[in-house]
Amino acid sequence: MRRRAAWFLLAFAGPLVLLTAGTAFFTGSNDISGGSLRRPTTTTVSPTIEPPRALPATPAPVDEPNLADRERERLSRIETTAGTTDPGVADPTTTTTATASGETTTTALPTSTTVAPATTSTTAPPTTTTVAVPASTSTSTSTTTSTSTTTTTAPAPTPPPGAGLRLWDTAWQIAAKANEGAMQEYVNRLAAAGGVGGQNLTGFWFSVVNINQDINTPNGYGHTFGSFSNPDPAYLADVERLIAMASDRGLKVGIVVAWDGPNQFSVEHAKLNTDNAYQYGATIAGQWTRPGFSGRAAIDAWIMGGDTTDDCCGGEHGAVWAEVVRGIKDAQAANGFSGPAILFHTAPGQHLNYVGAPWLDAHAPQTGHCADAGTASAWMRELANTGATIWGNGEMRYEGITWACNGNVPISAQQVRDDVVAMKNLGVMSNFVYGFDPRWNASSPGSVGMSASGVSPGLQLILDEPGLIRAR
């Protein structure tokens with residue numbers, strides 16, 4: 001009986017003890033048989049979540065005008081690409097900064113820019129700055145504000161002190177079109193042109209072959225060129241007369257040996273090639289630098305190139321030009337004559353062509369008729385930065401030229417004057433080839449933009465500018 005009572009007590013008391021201990025644990029009671037069985041206190045900490053960071057704003061795209069593509073054709077074709085502006089006209093897409101030396105720097109701006117509150121700063125390259133817009137000012141994430149520039153009209157830039165540039169006129173077609181009387185009239189009037197300080201033109205550039213018509217279109221004497229393999233001696237004698245006339249009036253000449261570009265692709269159409277180039281160079285130099293020809297001293301430069309855009313990017317025609325130059329130099333050496341420089345005239349925007357070519361003495365790139373003074377200056381600086389020797393600008397905006405890229409507004413006298421000033425201010429060249437648009441293709445160039453009483457307003461403005469042009 002006692003044994004049953006003991007078992008009964010154990011069976012009843014044991015679960016009761018376990019129940020009491022469990023209740024103490026879950027209710028936080030501190031005391032079971034003197035122990036300290038406390039439920040651990042758990043503190044839940046809410047994580048701090050930072051708002052997502054704004055991604056960097058993407059700069060607005062800037063449309064850079066490709067000035068090289070604007071002028072793919074020669075003077076016989078009218079450009080339709082608009083975009084360049086003249087430094088004398090306020091333009092919201094450019095800023096013009098005059099330096100202490102008088103140089104003008106034009107910086108392209110994007111057509112729309114997201115900007116912060118206005119600040120004044122001076123930066124070298126053009127940049128686009130995008131900033132966050134305060135929420136209180138707009139419900140959008142960004143704002144586009146047109147940037148305006150207040151321009152104060154300043155006096156036209158003046159050339160820095162120092163020796164002036166040698167000034168040349170452009171008469172590309174005189175050998176191909178003019179007769180003896182027209183040649184003499186042009187040479188006389190060019191030699192007589194002068195500025196108030198005694199400045200005058202050094203000479204003129206011309207092409208041996210017709211650059212705008214069939215290569216065998218008769219010249220002013222009725223003679224045709226023939227071919228590069230066998231040029232007509234009568235035609236070469238006509239060119240010699242022109243050189244002699246220039247020499248008699250104290251003028252120099254730059255001779256483009258074979259125009260390559262619209263519309264006379266001399267090299268591109270393989271009329272002049274590696275098979276006949278050496279002999280052609282030797283033939284013309286052999287005749288025009290022979291000891292018995294007193295006019296040979298008037299030859300200042302032999303000019304390769306033209307303005308084809310295919311003679312670029314590695315010099316596909318370089319082998320031909322190298323052979324022409326080799327023929328010229330061999331003939332000059334045989335005649336005991338030296339001095340004329342070997343130059344290269346490019347299409348616009350291809351001013352880096354033939355940098356480092358062993359046959360080339362100096363560069364005379366064309367910056368063309370769509371590039372304003374700021375763009376032309378930038379191209380010339382780029383060429384100068386290669387370490388290349390720059391003879392001068394071989395073709396810049398012609399006075400009176402009217403092209404779509406200039407808004408079909410004729411290039412003014414002031415603009416051509418400012419172009420020459422900009423080139424002189426660079427300090428990297430000593431020559432400038434000027435052009436009067438209707439004259440380069442005229443059969444009587446001495447009656448176009450010049451007369452017995454004087455020359456065109458732009459040419460006179462250039463000649464009269466103190467310190468800009470040197471006397472020959």
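Computed from the coordinates by the stated procedures, all read-outs in this text should not be read as laboratory data. The model shown is predicted, which means the values in this text are computed figures rather than measured ones. Cβ sites come from the backbone with ideal geometry, for glycine too, and all protein chains shown count toward neighbours.
Please report, for the Cα atoms of segment 173-270, the Rg to one decimal and the Dmax as a whole number; what are they, in angstrom?
14.5, 48
Can you give the net charge of the other residues whose Cβ lies under 12 Å from the Cβ of Pro218, counting K and R as +1 and D and E as -1?
Details: positive: Lys177; negative: Asp214, Asp232, Asp238.
Counting the neighbours of Pro218, the net charge comes to -2.
Considering only Cα-Cα distances, which of the following residue pairs are longer than 24 Å: Lys252/Lys424; Lys329/Lys424; Lys252/Lys329? The partial results should precede the final answer.
Details: Lys252/Lys424 20 Å; Lys329/Lys424 31 Å; Lys252/Lys329 19 Å.
Flagged as over cut-off: Lys329/Lys424.
Hey, what does the equivalent ellipsoid look like for segment 166-464, semi-axes from the Cα gyration tensor as sqrt of 5 times each eigenvalue, largest first, whole Å? Can you show the working numbers first?
Values: eigenvalues 144, 109, 66 Å².
Its equivalent ellipsoid spans semi-axes of 27, 23, 18 Å.
Around Gly295, what is the net charge, scoring Lys/Arg as +1 and Asp/Glu as -1 over all other residues with Cβ under 15 Å from its Cβ? All intermediate terms of the calculation are to be shown ahead of the outcome.
Working: positive: Arg241, Arg249, Lys252, Arg290, Arg296; negative: Glu180, Asp238, Glu240, Asp248, Asp300.
Here the count lands on 0.
So what's the convex hull volume per residue for the Cα atoms of segment 325-472, in Å³? Before the final figure, lay out the partial values.
Working: hull volume 21.8 nm³, N = 148.
Cα-based convex hull of segment 325-472, divided per residue, equals 147 Å³.
Sort 383-389, 243-249, 195-201 for me by packing, meaning the mean count of neighbouring Cβ atoms within 10 Å per residue, highest on top.
Going from most to least packed, we get 243-249, 195-201, 383-389.
What's the ranking of 319-325, 405-411 by average number of surrounding C-beta atoms within 10 Å, highest first?
Values: 319-325: 22.9, 405-411: 16.6.
Highest-to-lowest ranking by the protection proxy: 319-325, 405-411.
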